[in-house]
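Chemist: Take a look at the following structure, please.
The values are calculated or read from the model by the stated rules, or taken from the named source; none is laboratory data. Owing to the predicted nature of the structure, the values given are computational and were not obtained by experimental measurement. Cβ placement follows ideal geometry from the backbone for every residue including glycine, while neighbour counts extend to all protein chains displayed. Surface accessibility is based on the protein's heavy atoms, side chains included, excluding ligands, DNA and RNA. Shrake-Rupley method; radii C 1.70, N 1.55, O 1.52, S 1.80 Å.
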Amino acid sequence: MNVHIRNLEKRMRIENVSRRNMLKGIVSAGGLVVAAQIFPRGAFADENQYNTGAGGMPGGTVWDPHVFVSIAPDGTVTIVTHRSEMGTGSRTSLPMVVADEMEADWAKVKIVQAPGDETKYGNQDTDGSRSIRHFVQPMRACGAATRAMLEKAAALAWACPDTEVRAQNHKVIHVPSGKSLGYGELAAAAAKLPTPRANTLTLKDPSQFRYIGKGKVQITDMRDITMGKAMYAQDIRIDGMKYAVIARPPVVLGKAVKYDADAAMKVPGVVKVVAIAPTPMPAKFAPLGGVAVIANNTWAALRGREALNVQWEDGPNADYDSDKFKQAMADSAHKPGKIERNEGDVDAALAGAKKVIEHEYYIPHGHHATMEPPAATARVANGKAEVWACVQSPGGTRGDVAGLLGIPEADVTVNVTLLGGGFGRKSKCDFALEAAILSKDLGGTPVKVVWTREDDIRHGFYHSVSYQHVTAGLDANNKVVAWRHRSVSPSLMSNFMPDPKRESSLELGLGLIDTPFNVPNLRLETGEAVAKTRIGWFRSVNNIPHAFAMQSMVAELAAELGRDPKDFLLEMIGPARIVDPRSTVTSELWNYGDPWETYPIDTGRLRAVVERAAKEAGWGKKLPKGQGMGIAVQRSFLTYVASVVQVAVDKDGNVSVPRVDTAIDCGFCVNPERVASQIEGAAVMGLSIAKYTNITFKNGRVEQGNFNDYKVLRIGEGAMDVRTHIMPAGINVPSSGVGEPGVPPFAPAFFNAVYAATGKRIRNLPLGEQLSA
Amino acid sequence: MEVKVNKQSRTFNGDPQMPLMWFLRDELGLTGTKFGCGVGLCGACTVHVDGKAVRACAVGMNEVAGKSVTTIEGLSADGNHPVQKAWRAENVPQCGYCQPGQIMQGAALLLENKKPSDEQILAAMSGNICRCGCYQRIFTAIKAAAKEVA
Ligand code: FES
Ligand code: FES
């Protein structure tokens, strides 16, 4: 759920085009003329309108009611939702915005999922915590335009001036007479009207909102989910469909050299064994090859796969070993690195410091383990392809399927199912490409590719392993005067270009070079680390290791100085101001792809969430022995989040988390109820990361395979009382990300609490048994 | 062999080792029983066999011959089992994928124990993973449903 790779690829292709002139660049790269549909500031008549990075995304934004809204004669309003639903609630919240602005009655609204088509619908990459951030304004405009069209249709019907009509709660009223026409009655006439010009639209005054900002609307799929009717990609059934499972190379870039196709074919129900060719790196999202077994049901395919007995040639990554790699990363972090941001003179300040404190932090690989393992069904026949898949990137998937098959995008239909979790894994459409390859091989028979949990855990795009080395210098007054931070982590860019062997600017902007700390001598460096597996973005991405190191280090310094960790954190942040590192970074400050002017780094907001979380948690109150509170804060995805985690550690070293207080400032909040659910979920995922998350490699292979050895949090293991405190913000405060920003502060707040409770400082994740030793 | 699924008699002639989950999903199209891990570790495939919660991925067809299986689709005719209602009232789901299994597990608990303690709820639900992290709402919803059935 994160970074915009397709956009980056375009940027790489168009590097000679001025980066500032993003629109032009996109038009020249892909002819995406719809980019003209973005809203430059002032495009429509609303004083609160602001710019976002939406226009720089493939497809930009679209707000035309003719695309998103249709009304049946009985008044049923159908709203198209173009972002993928993976649990954040965007499939409810964005249509709710349209419905509110158009004065529709939510009880009469139906939601329809758009297929992948970014020319028609605008950008569909559901990652980077962007759905609300980039689409609340276009969807408001869409609703306002629909309302204007309905009003116009009524005015024409009554042959009265436009000023005499007003849309209200699913009908248009003739104000002087009080007579009215329902939306269903006006639908046909309204649909024939042209889309109003953007600068004629009047948005509702926020005081008139029925649904926006209220959190009272139940999620769209609630009934289906609770009755087992909700359809995910694993659940797709197409007439005549076959089922496939694939034996994939256990080591990235490995190849199958020998297998027993006959034995697999002997399993009743198996219909075909198909070899899938490997793809060299950088493979983007292309399947890495393997041997597929296609059968009449999943069970037969699984039995057939067991019978294959594949022998692999492991290739260049066979030496990947997590223990050794950790040591190599540590070595790299002990040497001067490439300077990524530089302020003052760190070397001189450290040399002159009264005291130098240095610590190292390690976070291993992680994996998304979405509850629904990846799955896709494809039918490739007569030069056309149709896909049903749980993809976060419907538009990108369409392009990739078209590219794979060598057919125009117009001949590819990507139907988006519900996603049983995404977290960034399902931004990569390898599983949909596999299904297309196999259906083509079968001459057009639909094929469903089922990933098992073991497939999922062993053939993922892993959250990057990382090693952070932080050195701080204190002066005679115990002020932090120097901060040198070396970050070592293989880059996800290795999927898209020759391995850069260090974090790219895009990863550095996730909590490293955008640090707001008020330290006069500051140097942020990267060290070399080679990607030996596929690295992928995982909910909040490099914010996790960066926040863990920085926010732990601040608490370590506070402890060293005997200071209150919250007060010391506020001192590190410094006074309320705009921090602008754009001139001190050596490449580029990636501001999540959004304009700096709309979303600067505002330490006033950062301080405010720290203070709010502390106050709500009762920071400083006396706790029983064995209990403690920890605090951490992070600006990520343009949102400010602080968490206070309370822990209780028993004499055997078992940690529970009786309470979490999280304050979030995400600008204007469209759906507080879903924001709370994201924060609760982020705490659970954060606690999983802190306690368990650990993908390790040995001989190039992932050592884990299922939930027995890749543990995730279960009920009752903590974070059962998570309280979300949303900072109030008016419609004029730009909405920012929500899906990811709850994760980064959790682990450091948790370990700071563990320290407060036990005096033990944990710097190597996961926690595992470190407290019981 | 015969097995009753949601009160309807069904015949199965395939591999007796085939897990019930694949029979329900692939043969009967009852996809409310979800595939999460395949080895009894996540609870996504939870159904009732003769009224008890069972992981459908971990029992073979030979083990359910002659028995009565209830899936999420058969839990209640109108979808208004007290657990389902509580799920809606508490806005439990995020992605929703684990939820049929959670609901079936919660419903089985309340069949067995109308007044479960907090510890009993946590113990009963500990085999059901929710990667989205809806646990605090799951817990609240089961308590609410327990109040209704009590
Ligand atoms: S799928 Fe049966 S317990 Fe996970
Ligand atoms: S709601 Fe997504 S796994 Fe539980």
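Chemist: If you average the alpha carbon positions of region A:277-342 and of region A:493-522, how far apart do those two centres end up, in angstrom?
Modeler: 24 Å
Chemist: Okay, moving on. Going by accessible area, probe 1.4 Å, with all protein chains left in place, what is the ranking of B:LYS147, A:LYS204, largest first?
Modeler: B:LYS147, A:LYS204
Chemist: So, one more: How are the C-alpha pair distances of chain A spread across 10 Å bins, as whole percents from the shortest bin up?
Modeler: 3, 14, 23, 25, 19, 11, 4, 1, 0
Chemist: Helix B:135-149 versus the longest principal axis of chain B: what is the Cα-based angle in degrees, 0 to 90, to the nearest 10?
Modeler: Roughly 90 degrees, rounded to the nearest 10.
Chemist: Given a 1.4 Å probe and the protein chains all in place, what does the accessible area of A:ASP652 round to, in Å² to the nearest 10?
Modeler: Near enough 90 Å² of accessible area.
Chemist: If you don't mind, another one. Taking one equal scatterer on every alpha-carbon of region A:169-225, how large is log10 of I(q)/I(0) by Debye at q = 0.12, 0.19, 0.25, 0.29 1/Å?
Modeler: The computed values of log10 I(q)/I(0) come out as -0.53, -1.09, -1.09, -1.08.
Chemist: Follow-up. Got a number for the accessible area of A:ASP224? Probe 1.4 Å, square angstrom, nearest 10.
Modeler: Accessible surface of A:ASP224 is approximately 60 Å².
Chemist: What would the Debye equation give as log₁₀ I(q)/I(0) for region A:478-589 at q = 0.16, 0.21 Å⁻¹, counting only Cα atoms as equal point scatterers?
Modeler: Ignoring solvent entirely, the Cα scatterers give -0.78, -1.17.
Chemist: Can you list the GluC sites (Glu not before Pro) in region A:692-770 that are in a DSSP coil and have 16 or fewer other beta carbons within 10 angstrom?
Modeler: Sparse-neighbourhood loop GluC sites (Glu not before Pro): A:GLU703, A:GLU769.
Chemist: Moving to a separate point now. With a 1.4 Å probe and all protein chains kept in place, how do A:LYS108, A:LYS324, A:LYS335 rank by accessible area, largest first?
Modeler: A:LYS324, A:LYS335, A:LYS108
Chemist: Here is a follow-up. Can you list the lysines whose alpha carbon is less than 16 Å from that of A:LYS621, not counting same-chain residues fewer than 8 positions off?
Modeler: Within the straight-line cut-off, A:LYS621 pairs with A:LYS566.
Chemist: Shifting gears a bit: Using a 1.4 Å probe and ignoring any ligands, DNA or RNA, find the accessible area of A:ARG701 and quote it in Å² to the nearest 10.
Modeler: 80 Å²
Chemist: Could you pull out the trypsin sites (Lys or Arg not before Pro) across region A:332-362 that fall in loop regions by DSSP (anything but H, G, I, E, B) with no more than 15 other Cβ atoms inside 10 Å?
Modeler: Of the trypsin sites (Lys or Arg not before Pro), the ones in loops of region A:332-362 whose Cβ has at most 15 other Cβ atoms within 10 Å are A:LYS354.
Chemist: Whole angstrom only: what separates the Cα centroid of region A:652-670 from the Cα centroid of region B:53-76?
Modeler: Region A:652-670 and region B:53-76 have Cα centres spaced 38 Å from each other.
Chemist: Given a 10 angstrom Cα cut-off, can you work out which residue in B:CYS45, B:CYS134, B:CYS98 is the most mobile in a GNM of chain B?
Modeler: Its mean-square fluctuation being the largest, the pick is B:CYS134.
Chemist: Could I ask something else about it? Hey, can you find the accessible area per residue of chain A for me, probe 1.4 Å, expressed in square angstrom?
Modeler: 34 Å²
Chemist: Calculate the length of the line joining the C-alpha centroid of region B:111-129 to that of region A:548-598, in whole Å.
Modeler: The distance from the Cα centre of region B:111-129 to that of region A:548-598 comes to 44 Å.
Chemist: Once you've got the Cα coordinates, tell me which of A:LYS428/A:LYS501; A:LYS324/A:LYS501; B:LYS85/B:LYS143; A:LYS335/A:LYS760; A:LYS216/B:LYS52; A:LYS284/A:LYS338 are over 24 Å apart.
Modeler: A:LYS335/A:LYS760; A:LYS216/B:LYS52; A:LYS284/A:LYS338, as the Cα separations exceed 24 Å there.
Chemist: Still on this model: May I ask you to give the average projected area over all directions of the convex hull of the Cα atoms of region A:298-438, in nm² rounded to one decimal?
Modeler: Averaged projected hull area, Cα only: 14.9 nm².
Chemist: With a 10 Å cut-off between alpha carbons and a GNM built on chain B, which of B:GLY101, B:GLY32, B:GLY66 moves the most?
Modeler: Most flexible of the set in this elastic network: B:GLY66.
Chemist: Tell me which lysines have Cα within less than 30 Å of A:LYS152's Cα, excluding those fewer than 8 residues away on the same chain?
Modeler: A:LYS108, A:LYS110, A:LYS120, A:LYS171, A:LYS179, A:LYS192, A:LYS204, A:LYS214
Chemist: Whenever you get a sec, line up A:HIS334, A:HIS469, B:HIS81 from highest to lowest accessible area (probe 1.4 Å, protein heavy atoms).
Modeler: From most exposed to least exposed: A:HIS334, B:HIS81, A:HIS469.
Chemist: Could you pull out the GluC sites (Glu not before Pro) across region A:495-601 that fall in loop regions by DSSP (anything but H, G, I, E, B) with no more than 14 other Cβ atoms inside 10 Å?
Modeler: Counting only loop positions with at most 14 other Cβ atoms within 10 Å, the GluC sites (Glu not before Pro) in region A:495-601 are A:GLU588, A:GLU597.
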